[in-house]
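For reference, the structure discussed in these notes is given below.
What follows is calculated from the coordinates using simple rules that are stated; it is not laboratory data. All values reported here derive from a predicted model rather than from experimental measurement. Ideal geometry is used to build each Cβ from the backbone, glycine not excepted, and the neighbour counts take in all protein chains shown.
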Amino acid sequence: MKKTPLAILGTVVGLMAVVTSTTYAKESRLGLMVAAIPEIASSQAQSWRTPQLVRTIEAHSTAVDALSFSPSGRVLLSGGSRSDAHLKLWWLKTGREIDSLRVHQTSVADLAFSADGKILASVGEDGGVNLWRWNQKDYTGDYTRTFLGHRSNLLSLAITSDSKVLVTGGLDGIRVWDLRNQRPLYTLANFDHPTYSLALHPKAETLVSGLKNGTIKIWNLNTGQPLYVIRAHQGITSALAFTPNGRTLVSSGYDGKIKVWDTRTWQLKYTLAKHTGKIRAIAINPVNGTILASASRDGVRLWNLNTGQQIAWLTGHQDWVQSVAFSRDGRFLATGGFDRTINIWQANTTEVAFTQ
């Protein structure tokens with residue numbers, strides 16, 4: 001049998017244990033290693049005031065619900081919605097499709113690579129959590145496992161900076177998984193905590209979750225204990241993202257607002273409110289940490305987080321924009337829409353030569 005780049009190998013069912021401890025432990029119960037955060041040189045910052053549309057890809061037969069760049073940035077992954085629940089791989093250089101595999105029964109809700117680039121994870125509205133071993137040399141992945149502990153739609157995932165722990169969130173709450181040993185760890189929240197978005201602080205000690213009622217909950221991931229609750233949005237908190245240095249959290253909501261928070265005090269710094277509809281997704285440039293992309297029915301807006309000013313408005317889609325992702329080197333932005341296409345944008349700097 002021909003081996004596809006995403007060859008299926010096996011499935012397991014994860015049984016979860018509920019956290020009941022209320023005692024803080026100095027040693028991490030998850031064995032997390034805190035990763036150092038490199039200083040970002042100012043020379044690395046790239047201008048996104050006049051980004052160039054490099055390519056449009058006719059990607060799926062339905063909306064493009066999820067996007068993620070491979071660690072090298074040479075391959076883009078996309079997840080389709082509802083009936084087109086396929087994971088597709090694309091060469092960034094040419095826009096050519098590398099592979100397509102149906103990985104969920106319905107919508108691929110979120111995708112992410114581990115920081116070390118060895119693991120790719122996806123979650124779907126079918127409640128499944130899929131894992132692949134990613135080969136960074138030939139840009140292929142071996143499907144290793146599906147966790148089936150959730151009982152309802154999954155909507156978001158996050159991976160710790162040491163690549164050891166996966167957190168998944170959905171309508172039935174939040175669960176925590178051991179990536180190294182490929183097993184469930186514990187249930188952080190249940191059906192009383194319908195979770196639409198997740199983000200992990202770069203130091204991997206703090207988890208934030210966005211709820212259906214518009215609040216943001218801050219957790220100590222090592223102890224499994226909640227720390228604070230922020231009343232953030234009117235309606236669903238749709239997306240969350242930390243800046244690379246961890247000092248700022250950005251949230252978006254179905255109220256059309258973006259809110260920027262100081263993570264040292266969890267106080268609101270300012271609100272961005274130019275979108276005319278629900279904000280579906282946000283992404284922060286991982287290199288300079290100052291450029292924010294936000295997606296809604298009126299297109300993609302780019303913001304300078306240092307000033308709170310809008311710097312660009314991208315209107316290349318014909319319908320709602322559902323997903324956004326920056327490449328790890330910060331040079332490219334991918335946007336996916338209800339119009340079934342993916343647009344690839346490039347920062348307007350020196351000419352970028354694609355290599356493969």
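Placing +1 on the Cβ of every Lys and Arg and -1 on the Cβ of every Asp and Glu, with no other charges, gives segment 69-192 a dipole of roughly 340 debye about its Cα centre.
Counting 0.36 nm for each residue step from residue 137 to residue 53 and taking away their Cα separation leaves a gain of 27.5 nm.
Seen from all directions on average, segment 188-276 presents a Cα convex hull projection of 5.4 nm².
Fewest neighbouring Cβ atoms within 10 Å first, the residues 171, 268, 111 line up as 268, 171, 111. In a fully extended conformation the segment linking residue 267 and residue 310 would gain 13.3 nm over its present Cα-Cα distance, using 0.36 nm per residue. Legend: ranking of residues 88, 137 from fewest to most surrounding C-beta atoms inside 10 Å; resulting order 137, 88. Toward the positive end of the charge dipole of segment 92-139, with +1 on the Cβ of Lys and Arg and -1 on the Cβ of Asp and Glu, the farthest Cα among 105, 134, 122 is that of 134. Measuring r between the beta carbons of residue 228 and residue 72 and using R0 = 35 Å, the FRET efficiency lands at 0.40.
Eigen-decomposition of the gyration tensor built on the alpha-carbon atoms of segment 45-346 gives equivalent ellipsoid semi-axes of 25, 24, 18 angstrom, largest listed first. The modelled label-to-label distance between residue 82 and residue 180, using points 7 Å beyond Cα along the C-beta direction, is 4.3 nm.
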